[in-house]
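Below: one structure, written as structure tokens.
The values are calculated or read from the model by the stated rules, or taken from the named source; none is laboratory data. What you see is a predicted model, and the numbers here were worked out from it, not measured in a lab. When we count neighbours, we look across all protein chains shown, and the Cβ atoms used for this are built from the backbone with ideal geometry, even at glycine. SASA here: full protein model, heavy atoms, side chains in, ligands and nucleic acids out. Shrake-Rupley method; radii C 1.70, N 1.55, O 1.52, S 1.80 Å.
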Amino acid sequence: GKVRAPTHVVSTICDDRGEEPTYYGVTMSELITSDYGVGDVLALLWFKRKLPKYATKFMEMCVMLCADHGPCVSGAHNAIVTSRAGKDLVSCLVSGLLTIGPRFGGAIDDAARCFKVAVEQGLDAPTFVEGLKKQGKRVPGIGHRIKSKDNRDKRVELLQNYARKFFPATRYLAYALTVEEYTLGKAANLVLNVDGCIGALFLDLLSSSGAFTQKEMDDVISIGYLNGLFVLARSIGLIGHALDQKRLQARTCGRGPRAGQGGRGEPLYRHPWE
Ligand code: ACO
Ligand code: LMR
């Protein structure tokens, strides 16, 4: 008789068996002919649903605003050094991506987890911050190497303004700002950073958009979807830095469209002794 083939992989987000591929049931034709953008693709492939326009636009803003933050940050630095060592594009990209973590760009999920618990437990900002301090933990989503009370992060301001205008509620953002007010009393660089702002605003999105049940919201936070936004966004900048170094090298080596026109060129990186 018929023997059913064993299932090797179960996937629930897309299908390529029909006449055309689908992202969570939405055909490529619909994606292209209707007004879908990258935020809608994220909604379908990560969250397995369509989300309202203001929400997908918010995700696109996160991707745009976090795409790059200059050549000096950990990820870009690694990508640049790797590119100057003559490595291929994928190596440059992953070398940059591997720096994303609890200190750099990867604090979004933990910020969301901490703010969620704090709001659920009704902790005021001093109790929340001092509680983490007693455990020897830094507050995720708070602090920046160069941004401070007097040198605000434009990205945080833009995201907040957008959410205040378009989100049904911004309760978690309001809480995060009480935390910032308290930490700024300790040191001027203990601002709500872009990771913390995205973490808080995502809690607002999940809890007030009507698109997620409480259980689904809990899953998003406990599984940890949100660092993915920074990883995705920063990949754009890391690729840019890797290509930038290759262009500069091509000028030195006499290859490429600007060969022979001079230029500084970027040799193998070696950190100065001093
Ligand atoms: N919570 C509590 N205290 C803090 C925090 C924080 N988030 N950040 C700094 N401090 C205090 C601590 O007392 C720290 O001393 P310690 O080293 O003994 O713990 C002291 O400030 C010194 O910190 P700084 O030198 O001012 O900060 P640094 O430049 O070392 O760190 C960083 C900056 C890594 C962002 C830090 O603030 C931090 O770990 N924040 C939490 C993680 C986070 O949100 N990262 C995302 C940053 S945004 C981005 O990468 C896109
Ligand atoms: C970034 O987006 O890379 C940062 O906010 C970290 C930094 O130090 O600028």
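Taking the stated definitions as given, is Gly141 in contact with a helix residue (DSSP H, G or I) (Cβ under 8 Å, 6 or more places away or on another chain) and on the phi > 0 side of the Ramachandran plot? Quick ask: steps written out before the conclusion?
Values: in contact with a helix residue (DSSP H, G or I) (Cβ under 8 Å, 6 or more places away or on another chain): yes; on the phi > 0 side of the Ramachandran plot: yes.
The answer is yes for Gly141.
Please go through the stretch 151-187 and pick out each residue that is open to solvent by less than 50 Å² (accessible area, probe 1.4 Å) and hydrophobic (A, V, I, L, M, F, W, C). Break it down stepwise before answering.
Initial filter on the stretch 151-187 (open to solvent by less than 50 Å² (accessible area, probe 1.4 Å)): 153, 155-156, 159-160, 162-163, 167, 169-170, 172-173, 175-177, 179-180, 183-184, 187.
The answer is Val156, Leu159, Ala163, Phe167, Ala169, Leu173, Ala176, Leu177, Val179, Leu184, Ala187.
Which residue, of Leu93, Leu98, Leu89, Leu44, is more than 25 Å from Arg171 (Cβ to Cβ) and touching a strand residue (DSSP E or B) at 6+ places or on another chain (Cβ under 6 Å)?
Result: Leu44 is the single residue among Leu93, Leu98, Leu89, Leu44 that is more than 25 Å from Arg171 (Cβ to Cβ) and touching a strand residue (DSSP E or B) at 6+ places or on another chain (Cβ under 6 Å).
List the residue pairs whose Cβ atoms are under 8 Å apart, where the first residue sits in the stretch 229-241 and is of a type in the set (Lys, Arg), the second is surrounded by fewer than 23 Cβ atoms within 10 Å (Cβ to Cβ) and assigned to a helix (DSSP H, G or I), and the two are 6 or more positions apart or on different chains.
From residues that are of a type in the set (Lys, Arg), the pairs are Arg234/Leu97.
Which residue out of Cys66, Cys72 is free of Cβ contacts under 8 Å to residues at least 60 places away in the same chain and under 20 Å from Asp195 (Cβ atoms)? Before the answer, list the steps.
Numbers: Cys66 fails: free of Cβ contacts under 8 Å to residues at least 60 places away in the same chain.
The conditions single out Cys72.
Answer yes or no as to whether Ala118 is within 25 Å of Glu157 (Cα to Cα) and either touching a Leu at 6+ places or on another chain (Cβ under 7 Å) or open to solvent by less than 10 Å² (accessible area, probe 1.4 Å) (or both). So that I can check it myself, show each step before the final result.
Details: within 25 Å of Glu157 (Cα to Cα): yes; either touching a Leu at 6+ places or on another chain (Cβ under 7 Å) or open to solvent by less than 10 Å² (accessible area, probe 1.4 Å) (or both): yes.
It is true that Ala118 is within 25 Å of Glu157 (Cα to Cα) and either touching a Leu at 6+ places or on another chain (Cβ under 7 Å) or open to solvent by less than 10 Å² (accessible area, probe 1.4 Å) (or both).
Taking the stretch 187-209 as the region of interest, how many residues are away from ligand 2 (no atom under 16 Å from the Cβ), touching a residue at least 40 places away in the same chain (Cβ under 8 Å) and not hydrophobic (A, V, I, L, M, F, W, C)?
Going through the stretch 187-209 one residue at a time, the tally reaches 3.
For the stretch 120-149, which residues satisfy the criterion of being away from ligand 2 (no atom under 16 Å from the Cβ) and farther than 20 Å from Ala174 by Cα? Give the steps one after another, and end with the answer.
Filtering the stretch 120-149 down to residues away from ligand 2 (no atom under 16 Å from the Cβ) leaves 120-137.
Lys133, Lys134, Gln135, Gly136, Lys137, listed by residue number.
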